[in-house]
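Inspection log for the structure reproduced underneath, given as structure tokens.
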Amino acid sequence: MDILRIIIAILLPPAGVAMQVGITTQFWINIILTLFGYIPGIIHALWVILSRDGSPNTV
């Protein structure tokens, strides 16, 4: 678990997701969720970061 990614995910959720999985479907989903509301974007970003083992594979 990388504390820097978690902090970035709280400040700017799409950046945290991009650092974890790259520009993939999860990144675009996070962009949409962040546009709908900041809190859903943070929740999704934390879920992506905490549920991944560090591999850049897509879902």
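For the reader, a short list of remarks on this structure follows.
- Being assigned to a helix (DSSP H, G or I), at pLDDT below 95 and either in contact with a strand residue (DSSP E or B) (Cβ under 8 Å, 6 or more places away or on another chain) or surrounded by 10 or more Cβ atoms within 10 Å (Cβ to Cβ) (or both) is a condition met by no residue of segment 52-59.
- Selection count where residues are surrounded by fewer than 12 Cβ atoms within 10 Å (Cβ to Cβ) and either closer than 11 Å to Gly16 by Cβ or of a type in the set (Phe, Trp, Tyr) (or both), scope segment 28-37: 1
- Number of residues in segment 1-27 that are open to solvent by less than 60 Å² (accessible area, probe 1.4 Å) and over 11 Å from Leu46 (Cα atoms): the value is 7.
The values are calculated or read from the model by the stated rules, or taken from the named source; none is laboratory data. Worth saying up front: this structure is predicted, and the values here are computed from it rather than measured. Because the Cβ atoms are built from the backbone with ideal geometry, glycine has one as well, and the counts that use them run over all protein chains shown. Accessible surface areas use protein heavy atoms only, side chains included; no ligands, DNA or RNA. Shrake-Rupley method; radii C 1.70, N 1.55, O 1.52, S 1.80 Å.
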